[in-house]
Amino acid sequence: MNYAHTCIRVKDLEASIAFYEKALGYHVTREKDHTADGFKLVYLALEGDKAELELTYNIGHGAYDIGDGYGHVAVESDDLEADHARMKEEGFEVTELMGLPGEAPRYFFVTDPDGYKTEVIRQGI
């Protein structure tokens, strides 16, 4: 088996696509327009990665409750400090650089327009 995708439901499809493209470098790989059935699907991936992030837009649905069981999706960065500074400068909601207890900083979180968090971790750790 291979990992295929993670699905998240979004309230504003265009804002979500823009966030994942600009903040994290995803690109749209394919789209499925089921407007007649009340929804649209947009799949995004990182360069060279087969696994996708599926954005599901249910037409006319407002914001979603994320719940307390969801944690985050994680991506690796080859320049953690530069990515952190860029996202902060561009106005994205980011945490400070963090590390596990007793360890040097090695990750941060960035939050998308719907409140979903993506962990950005130092590559190779």
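What follows is calculated from the coordinates using simple rules that are stated; it is not laboratory data. Model, not experiment: these values are computed from the prediction. Note: ideal-geometry Cβ built from the backbone for every residue, glycine included; neighbour counts use all protein chains shown.
Computed values, structure above
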item	result
Degrees, to the nearest 10: 13-24 long Cα axis against longest axis of the chain	20
Residue range of the chain that is longest and free of chymotrypsin sites (Phe, Trp or Tyr not before Pro) which are both DSSP loop and sparsely packed (at most 13 other C-beta within 10 Å)	4-69
Net lengthening on full extension, VAL73/ALA15 (0.36 nm per residue, minus Cα-Cα)	19.1 nm
The chain: angle of helix 80-89 to the longest principal axis, Cα-based, in degrees nearest 10	60
Efficiency of FRET from Cβ geometry, ALA85 and ILE59, R₀ 30 Å, rounded to 0.05	0.20
Region 1-86 - Rg and Dmax from Cα coordinates, angstrom	14.1, 44
